[in-house]
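Colleague: This is the structure I have questions about; it appears just below.
The values are calculated or read from the model by the stated rules, or taken from the named source; none is laboratory data. Nothing here was measured: the structure is a model prediction, and the numbers come from that model. Cβ placement follows ideal geometry from the backbone for every residue including glycine, while neighbour counts extend to all protein chains displayed.
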Amino acid sequence: MATRMFVRKAWEWIYERGGLGHLPFYRVPYSYFTLDIWLGAIVASSFFWLALTGLLLLFYYRPTDPLESSKAIIFERPFGALLLTSHLYAAHFMLIGVFAHAFRNLFKGVYKRPRELVWIVGVATGFLALQTAFFGYSLVGDRIAKEAINIGSALNLRSLGEELGLYVVAILFGLDPAERYFRITALHVLLAATVFLLFLLHFGLFEVHGPAPKEEETEWKAEPARVPQDRRDLAPWFPVNLVFILAVTLMTWGFIVFTAGMAQRFADLLPPLFKPYPVEAEDFTPMPPWFFLYTYRIFQMTFLTLSLESTPQLLQFIIALVLPPLILMIIPFLDRKVSTNPVDRPWITGLGIILLTGYMQLTVWSMIEPGIPIRLVQLLTVASPPLAATIVGLYLLRKVRRGETITPGDFLSSSGLLVAGTALPPLLGMALGVPELHQEVAVGFMGLAFATVILGWIAAKLRVEPESELEPVQDPDSSIPWYLLLVALGEVGMASFSLIALAAIAFIDPVGYAMQATVLTGLLLLSGGALAHALFRALAAEWIPRGNVVDELKVHFLPYLALALAVIFVL
């Protein structure tokens, strides 16, 4: 009893003297602690892991001999494989998170007033992150990295002309091979620092306005634009928000590192774009990194080539690298509707579906059919099915949204458009003598399925149950459920075992047991994240009622799944 009283008094003293109850951060309601709203935190966590591992890798990387230094990091440096592979997978995970975060906000209309500048800075940060990833990808110095540099140089020359293109290539890659990787390293670090500064600006602007109110509270209206700071159900930033951020960060880091460890275990089964050992990439067909494969396909569209001798691929350059960020940045000024429901904004929603689906299709299409010139009929075969599905889906959803009946005529016209969108382009190709369109047909149907999934998500959000402020839980149970206590004890054991095993590996042979060290680090971070989430649930028990066993334990599923996979395949 005396010990508990001492701890409580000490905590109250730190809380008061540290001003922890008056931190200048935007407070959010307890109902806002969901994965959907905190996607940006996952992206930020991935970026900070990239920054941490990138700074450590700089101590070992030698631009004078990039390939050999990459080999040395993996095969000679203690925990080098952990650093390099997790750095690679953190980049993949962050870019996927950027797409998810951006298009979630696009479909939900989060860019509307007063968050236009938040959106513009976010778009700029995302596209700059792509450039940063490209230069980081090129630093390895293997054949694929060199070919990526060669492809980038050639496309710049063909797009911008001999004089301007050569100037740009000299800035990006240098004209002297001896200085090339010094320049790429400097650009990678400089771009990463710029991304960090833009992130700080993005975060600062976000803190000014806070998260957009949930659609359940506004019933899909853009007003009110902010969460009122006089609500009773606002969580204190410290400790509730901080503990939740800690849980998100540790779980994100754990997932990245554990995935990197399992990738080392199954290196021969993974495609080259995700291969953890860059040395082995020499056995594969050179291609750009996956996040730039869409540009590769656009530059292969011969029907877009201009008759200008100096800049024949200027149009492809504009379509691939200039228009996407420009279109996204001006969306807040094109969409002035009061409603944030995606069905009430069909042009913007349709554009988002086509952009996201098209990116996915062009990426997959480049993977399965690289280096092949593309004719217009092939592009139509790929693009028409998801376009038809988007038009039909949004038309029908708008009728449902308005409470109108879908008639047999609507069904027939929609079916006709879908059939025409999927069948006419291949038939036209056959008539024009274009051989073997089966891969294009497959990519087209894949795009149709992907667009349908997005439309299904929109349909599920079409009507929402109104929400208001949370009320305090009546007679909250301050005790921890036995099943949660049991799971948490297991996670403490998992973290302790991982820490002891890592210490043993560091003492015995950190290079020889690199894969095991990576997996154990992932387990340590995952279990720490799950324990942090358990602490968050305890702190929020007064406002968030206990759910059923499945709801309470679903966050803890990931570390135990990771443990099972580690025991079966690695440990």
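Conditions tested, residue by residue: (1) part of a helix (DSSP H, G or I); (2) under 23 Å from residue 83 (Cα atoms); (3) modelled with pLDDT under 90; (4) over 25 Å from the mean Cα position of the chain (by Cα).
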| position | (1), (2), (3), (4) |
| --- | --- |
| 263 | yes, yes, yes, no |
| 281 | yes, yes, yes, no |
| 285 | no, no, yes, yes |
| 288 | no, yes, yes, no |
| 321 | yes, no, no, no |
| 326 | yes, no, no, no |
| 343 | yes, no, no, no |
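Colleague: On to the next question. What is the one condition in (1) in a helix (DSSP H, G or I); (2) buried (at least 16 other Cβ atoms within 10 Å of the Cβ); (3) at pLDDT below 95 that residue 276 does not satisfy?
Modeller: (1)
Colleague: Please determine, by comparing only the residues of region 64-84 that are within 14 Å of residue 137 (Cα to Cα) and at pLDDT below 90, which one is nearest to the chain's Cα centre (by Cα).
Modeller: Going through region 64-84, the residues within 14 Å of residue 137 (Cα to Cα) turn out to be 66-67, 70, 84.
Okay, now just the ones that are also at pLDDT below 90, so 66-67, 70.
Details: 66: 28, 67: 28, 70: 26 Å.
This residue is 70.
Colleague: Tell me which of these residue 224 doesn't satisfy, since it passes every other one: (1) assigned by TED's automatic domain parsing to the domain that holds residue 332; (2) closer than 30 Å to residue 460 by Cβ; (3) free of Cβ contacts under 8 Å to residues at least 24 places away in the same chain.
Modeller: Only one criterion is unmet by residue 224, namely (1).
Colleague: Here is a further query. Name every residue in region 42-61 that is hydrophobic (A, V, I, L, M, F, W, C) and not in a helix (DSSP H, G or I), in order of residue number.
Modeller: Across region 42-61, the qualifying residue is only 59.
Colleague: From the set of residues in region 528-554 that are within 21 Å of residue 258 (Cβ to Cβ) and in contact (Cβ under 8 Å) with a residue 40 or more places away in the chain, which is surrounded by the fewest Cβ atoms within 10 Å (Cβ to Cβ)?
Modeller: Here is the first cut: in region 528-554, the residues within 21 Å of residue 258 (Cβ to Cβ) are 528-534, 553-554.
Pick out the ones that are also in contact (Cβ under 8 Å) with a residue 40 or more places away in the chain and you get 528-534, 553.
Values: 528: 24, 529: 26, 530: 27, 531: 21, 532: 20, 533: 21, 534: 21, 553: 17.
It comes out as 553.
Colleague: Among the residues of region 345-372 satisfying the criterion of being β-branched (Val, Ile, Thr) and at pLDDT below 90, which is surrounded by the most Cβ atoms within 10 Å (Cβ to Cβ)?
Modeller: Among them, the one singled out is 372.
Colleague: Restrict the check to region 303-317 and report whether at least one residue is closer than 30 Å to residue 142 by Cβ, in contact (Cβ under 8 Å) with a residue 24 or more places away in the chain and out of contact with any Leu (no Cβ under 6 Å at 6 or more places or on another chain).
Modeller: Within region 303-317 (the criterion being closer than 30 Å to residue 142 by Cβ, in contact (Cβ under 8 Å) with a residue 24 or more places away in the chain and out of contact with any Leu (no Cβ under 6 Å at 6 or more places or on another chain)), the answer is yes, since at least one residue qualifies.
Colleague: Pairs needed: first member in region 384-403, of a type outside the set (D, E, K, R); second member anywhere, surrounded by fewer than 22 Cβ atoms within 10 Å (Cβ to Cβ) and outside any helix (DSSP H, G or I); C-beta distance under 7 Å; at least 6 residues apart or different chains.
Modeller: So the pair list comes out as 396/406; 397/462; 400/462.
Colleague: Now a separate question. Just to verify a result, which residue in region 373-416, among those that are exposed (fewer than 12 other Cβ atoms within 10 Å of the Cβ) and within 30 Å of residue 436 (Cβ to Cβ), is modelled with the lowest pLDDT?
Modeller: 373
Colleague: Given the criteria of a type in the set (A, V, I, L, M, F, W, C), over 30 Å from residue 114 (Cβ atoms) and surrounded by 14 or more Cβ atoms within 10 Å (Cβ to Cβ), does residue 135 qualify?
Modeller: Yes; evaluated as a whole, the condition is true for this residue.
Colleague: For region 365-398, what are the residues that are among the β-branched types (Val, Ile, Thr) and touching an Asp or Glu at 6+ places or on another chain (Cβ under 7 Å)? Even if it seems obvious, please write down each step before you answer.
Modeller: Step one: of region 365-398, the residues among the β-branched types (Val, Ile, Thr) are 368, 372, 374, 377, 381-382, 390-392.
Correct list: 381, 382.
Colleague: Now for a separate question. Would you say residue 167 is among the hydroxyl-bearing types (Ser, Thr, Tyr), in contact with a helix residue (DSSP H, G or I) (Cβ under 6 Å, 6 or more places away or on another chain) and modelled with pLDDT of 85 or more? If you could, list the steps in order and put the result at the bottom.
Modeller: Values: among the hydroxyl-bearing types (Ser, Thr, Tyr): yes; in contact with a helix residue (DSSP H, G or I) (Cβ under 6 Å, 6 or more places away or on another chain): no; modelled with pLDDT of 85 or more: yes.
When the stated conditions are applied, residue 167 does not pass them.
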